[in-house]
Structure formats: structure tokens, C-alpha cells
Amino acid sequence: MRLTRVTLFFVVLILGLGFYQLVTYLLEDVEAQTLQATEEAMVDTANLLANYVEKEGELALIFNEAGDRRFEARIFKILKSNVGMNAYLTDARGVILFDSGTPENIGKNFKSWPDVSKTLQGRYGARSSRSDEQNASSSVMYVGAPVRKDGKIIGCLSVYKAQSDVLTFVRHRRKSIINATALIGVGILILIAAVFVWLFRPVGQLTDYARAITRGERRPRPQVGVGREVNTLAKALHDMRESLEGRQYADQYIQTLTHELKSPLAAIQGAAELLDEEMPPADRARFLANIRSQTSRCEHLIHRLLELSALEAKTHLEHLHRFDLTARCQQSLAQIKPLAEAHRVHLQSDLPARMDLQGNEALLGSALNHLLENAIQFSPENGTVTLTLQSTDGILQLAVSDQGEGIADFAQERAFERFYSFRPEDKGKGNGLGLAFVKEIAVLHQGKAFIKRGKIAGTIAGMVIPTPNSPE
């Protein structure tokens, strides 16, 4: 990905330099081409006027009223309304005989100017001179044409025009060039950005997704837009993940389920074999009760295992809605109350008046029931189980504490593993799936589960969940 970005950078750099060179060339060339085209028209005009003079025409007849002539000619969005070209006529020595634009020049010798000197020599004469040396925009273009009589050059007719008249067209043309190249440049940038968004960004998302799979994280398949190629790749990665996880998941569950069912099945088999023998009714009743107990344990284990496996197969939460978590906590306390009374355990709570949360209410209620059930089973008679709910800096914490002996340090690290049980012998054997269930629900809500010893005694277990507007 880094190589791709570097390559993309150099492509953009080369395109940028190319555009800069192109725009610079066009901006510089447009003035030269415009002046050349103007000069070509002035050459025609000078020769036409020279031919007119050769036929004993008077320039004054053409120019005396030309300056007062008004018209409207729109040329390339520029309105032209008066004649902008003038002319002067010299004799064979270069002395001005007539000047339509500057009559005060009459009588002056212009033979030192290139347009006059070269034309009188029979060559092409032209020049560009400033009327004000300090002002670059005061340049005037001059083009000369020979006036002949009997084949001999007897004078020079030069037409002249202010470059400022022409540069107006140059400025408009430059503006058009800049706008056009800017649009092309923006189009290319948009194309590059679109390629990045439609291709590179989805590839980056899929890379992160693949790395998350490697780390064992469960993420939903990333939304990578509508491109067929990237969506095909995303689906292939997702299917590969499910296939690999499915194999590993099945292997682990077969091993753990076989291990967990071995003990109750052995007890059931032993009790069944003993029932074939003659024994007192009291012993027979005791063995039958043992069979029922172990069968119930197997049934409960399989039910919990199926429930957990369905939960672990989820990559994201479904059926999300906003609900009052306080009301859900009160409902769970009411549901678990018969179990607490059977164990002679008191329930109490520290809940806010209302706590809204966006999540799956059914799953969070199930996790809460598991936490309360565990706390009740670990509590001594006449002990108290406390449910607390609080929110700080966008992080919601749901905790259940008991007054038992407290979880051992070594058990805290493995408490959320499947089938790991750390109950004392007098509390009976658990299936080790309750806290694993709680952990999965917390992870699906972008949070985490925790368990620790209380400050004085007992154990505190619960979940921390970020609210929708808080960072994960």
C-alpha cells in the first residue's frame, strides 16, 4: 500500500509539472501568436495604403474623418467601437510628410527608425517602440511598406497600432486558457481521488479487516462501496474467515463438549448399572435421583452451549433499538428474585432514574441475568447482591457485586474462558459458560467484561460499554 501511494504521488507530481509547463507555454505563446497575427494584418494594410498613395491618393482623405467614425464590432467578447490604427508617410530621406495619429511629427526625420530605414532600403521594416519608456503597456507596433514611382522607392508608408489594443484580446485568451486547464486539472484530481476512494480506500479497509481476523477479533464485513471487484474480495475474505473459524470452532467445541459430558455420562452409566442389581428402595431412589440430576445437567449444558455458539457466530449486533436500561435492570431483578429467595440472598440496587442506551435489549438482559445468577450462587446465606449502573464520560458501567469469599487472583485471568469454573466444592460444579456469554455480549456492544475482587470482600463482575457518541 505504501508503494502504491508513493507511485500515486509521483504520478500526480508528473501530471502537475506537465500541466505547469503546458500552461506556461500556452500563456506565453498566446501573446506572441496574437502579435504575429496582428503584424500580418498590418503588413497587408501598409501595402494597400502604399499602393493607394502611389496612385496619387491623399492619406488625409482616408484618416481625416476615420478617427471620428463610430461602430460596434464584438470580437471575442470584446466590443470594438473606433479605429485603432494610424499611419505616417515619409519621403525618400525619411522626413515625415503626413502623420494621422501625431501631426506634430510632420517635418521630423524618422530615418533612424528601423521601419523607415529598412523600408527605404527595399527590405521589410518593422519595429515596436514605447511612447513612454517607463510604461511597458505603452508599446506601439510599426510596419512599413515602400512607396514607389517608376520602380524607384520614393518614400515609406508605416502603419502603427498600440499593443494595448491587442493585449486586451491576449488577456481574455489567457483567462480562457487558465480556466480550461484548471477544469482539466480539477477533473484529473477528482479522477485520482475517485480511484483512491473506490479502490485504495476499500483495499485499506479490507487489509485492516484481514489483520483483525489474524488477531482473532470479530468484526462485521466492511462496507466498501459498490465496486464489484472490491466487494467480491470482501465477500471472499468474509467467507474464508467463516470457513476457518467454523472448522476451528467445531474442533474446539467437540473437544470441550466431549470433556464436559464425560463426567455426567459416566455417573449416569454407573447409576444405571447399579440399578440392575438388587438394592434397597432407598438406594434405588437415590440412584434414580442422581440420573435425573446428571441428565438435567447435560441438558442444561447443551442448551447453554448452543446459546453461546449462536452468540459467538455473530459478527455484529442485530435488532438494535434505544431502550431504558434502568427499566431492563429492574425487570432482571424481578426475574431473579425467586432464585435469590431460594438461596436466602438479599437483592439491592443503585440505579439512576433513567438510562437510555442504543443496543440489543434482549442480549443485555440475558447477560445481566447471568451476572445476577452467578453472584447469588457465590453469596453466603443472608448475603447481599448489589446491582449498580452508572455512566461517566460516555462510558456506561454495569456491575454486580456479592459478599462471597471473592475470586482468586489466578481465576480472574481465565474467568471468561468457556467451560472454566472456579466455584468452591460446596457450591457445586458449574458449566463455565455464564461469564463467557457475558463477555460475548459486551464485545458485540463494542465494550468489554470484567471481574475482580471487592475492596473488602466478595466479587464484582460486570460490563463497560461505550455509548454511541463516545469513542470506542
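Laboratory data are not the source of any read-out in this text; all were calculated from the coordinates shown. The shown structure was predicted, so the numbers you read here are calculated from the model rather than taken from an experiment. Methodologically, a virtual Cβ is constructed for each residue, glycine included, from the backbone with ideal geometry; neighbour enumeration extends over all protein chains shown.
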Exercise. According to the Cα gyration tensor, what semi-axes, each the square root of 5 times an eigenvalue, does the equivalent ellipsoid of the stretch 37-81 have, listed from largest to smallest in whole Å?
Worked result: 25, 17, 5
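For the stretch 321-466, with only Lys/Arg (+1) and Asp/Glu (-1) charged at the beta-carbon, what is the dipole magnitude about the Cα centre, in debye rounded to 20? Mind showing how you got there, number by number?
Working: 15 positive and 16 negative charges, 26 e Å.
Taking the Cα centre of the stretch 321-466 as origin, the dipole is about 120 debye.
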Exercise. For the stretch 98-175, what log10 I(q)/I(0) values come out of the Debye formula at q = 0.24 1/Å, with one point per alpha carbon and no solvent?
Worked result: -1.16
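How big is D, in µm² s⁻¹, for the stretch 321-466 by Stokes-Einstein at 20 °C and 1.002 mPa s if Rh is the Kirkwood radius over C-alpha pairs?
Values: Rh = 15.3 Å.
In µm²/s, the coefficient rounds to 140.
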Problem set entry | Given charges at Cβ of Lys, Arg, Asp, Glu: the stretch 2-170 dipole, positive-most of TYR160, SER128, ALA66 | SER128
Seminar exercise, completed: With +1 on the Cβ of every Lys and Arg and -1 on the Cβ of every Asp and Glu, the dipole magnitude of the stretch 2-170 about its Cα centre, in debye rounded to the nearest 20, is 480 debye
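Give, in nm to one decimal, the length gained when the segment between LEU61 and GLN121 is fully stretched (0.36 nm per residue of separation minus the Cα-Cα distance).
Numbers: separation 60, 0.36 × 60 = 21.60 nm, distance 2.78 nm.
Extra length from LEU61 to GLN121 when fully extended: 18.8 nm.
Can you tell me the order of 126-132, 114-120, 386-392, 359-365 when each peptide is scored by its average per-residue count of other Cβ atoms within 10 angstrom, highest first?
Values: 126-132: 13.6, 114-120: 21.7, 386-392: 16.6, 359-365: 19.3.
My ranking of the peptides, most packed first, is 114-120, 359-365, 386-392, 126-132.
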Exercise. How do 335-346, 454-465 rank on mean C-beta neighbours within 10 Å, highest first?
Worked result: 454-465, 335-346
Problem set entry | VAL6, VAL95 arranged by Cβ crowding within 10 Å, fewest neighbours leading | VAL6, VAL95
Problem set entry | 20 Å Cα-Cα threshold exceeded, pairs from LYS55/LYS108; LYS80/LYS161; LYS108/LYS152 | LYS55/LYS108; LYS108/LYS152
Seminar exercise, completed: Quick calc: nm separation of the 7 Å Cα→Cβ label points for LYS149 and LEU288 -> 15.3 nm
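Under 1.5 on a/c is rounded, so check that first for the stretch 2-170, then, if it is not, pick prolate when a/b is larger than b/c and oblate when it is not; a ≥ b ≥ c are the square roots of the alpha carbon gyration tensor eigenvalues. Could you put the intermediate results ahead of the total?
Details: a/c = 3.05, a/b = 2.30, b/c = 1.33.
Prolate shape, in that a/c is at least 1.5 and a/b is the bigger ratio.
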Exercise. If each of VAL43 and LYS448 carries a label point 7 Å out from its Cα toward its Cβ, how far apart are those two points in nm?
Worked result: 8.5 nm
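Taking the number of other C-beta atoms within 10 Å as the exposure measure, put ASP402, ASP44 in order starting with the fewest. Working shown, then result.
On the way: ASP402 27, ASP44 12.
Ordered by Cβ neighbours within 10 Å, fewest first: ASP44, ASP402.
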Exercise. For the residues TYR160, TYR25, TYR52, what sequence is obtained by ranking on other C-beta atoms within 10 Å, fewest first?
Worked result: TYR25, TYR52, TYR160
